[in-house]
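In what follows, a structure is listed as structure tokens, so that the remarks can point back to it.
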Amino acid sequence: MAGGLLASGALTALFAMALAPPSTSQDVPTTPQPPTDKIRVEVVTVNGSGCPEGTVAVAPAPDDSAFTVTYSHYLASAGEQSDPVDFRKNCQLNLLVHAPEGYTYAIASVDYRGYASLQPGVNGVEKASYYFQGSPETTSESHRWRGPYADNWQATDSKPWEDLDWAPCGAKRNLNVNTELRVLLGSTDRSKTSFMAMDSTDARASSVYHLAWKQC
């Protein structure tokens, strides 16, 4: 995705419905059919120390079931060779989802991926928060890895259908997604550097946001 589009503060992506859990009992209402119209998503702003201008790409998944976010400079590090402020990096996406009339949406699950190199005793943390503009409800989930660790990492945030946080029907409310990486040395040897990246050179390491849809 061209950095210029992000610099302009607007990026449009089209995608359709995402995960829709099937009914398993006659007592459970049948999941409504997803919208047949394409869904337009506008990336209003991208801000944060983990996503400098021109280092983030947002695109629909090939099957239009989700959208992906790919980073090229999202890395937190701690140790002698790191700046003290680099132990924490974050990135906030502000999205406007244009849903068809009569439908609302929620984040059903999100897959995060990256690579970490953690010295013994060092903790790497990935955290994400989700909330709609003007809503007091914020959903947050975090995952932790402890060194020694030197490998790819993957984490999934998900909720059951009945606990999903839905966008208000008939109102345009921006969706905010704030991710964070931390490398916590604690009392470990500070002469050695550890790092954690949500960083990729191909789409397989992108963050994937799966959406659920229902009728209002």
### Task
Could you work out how far apart the two model spin labels at residue 125 and residue 215 are, taking each label as a point 7 Å from the Cα in the direction of the beta carbon, and quote it in nm?
4.4 nm
### Task
Could you rank 194, 135, 72 by how accessible they are, 1.4 Å probe, largest area first?
72, 135, 194
#### Entry: Candidate lysines - alpha carbon under 24 Å from residue 172, same-chain residues fewer than 8 apart omitted
38, 159, 214
### Message
Using Cα-Cα distances under 8 Å and only pairs 6 or more residues apart, what relative contact order does segment 95-195 have, in percent?
### Response
43 percent
### Query
Leaving out same-chain residues fewer than 8 places away, which lysines sit with a Cα under 28 Å from that of residue 192?
89, 127
### Query
Cα-based Rg of segment 61-174 per 2.2 N^0.38 Å, rounded to two decimals?
1.29
### Task
Could you tell me the accessible area of residue 162 in Å² (1.4 Å probe, neighbours in place), rounded to the nearest ten?
140 Å²
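The values are calculated or read from the model by the stated rules, or taken from the named source; none is laboratory data. Just so we're clear, the structure is a prediction, and the values are computed from it rather than from any experiment. Because the Cβ atoms are built from the backbone with ideal geometry, glycine has one as well, and the counts that use them run over all protein chains shown. Keep in mind that these areas ignore ligands, DNA and RNA; they rest on the heavy atoms of the full protein, side chains included. Shrake-Rupley method; radii C 1.70, N 1.55, O 1.52, S 1.80 Å.
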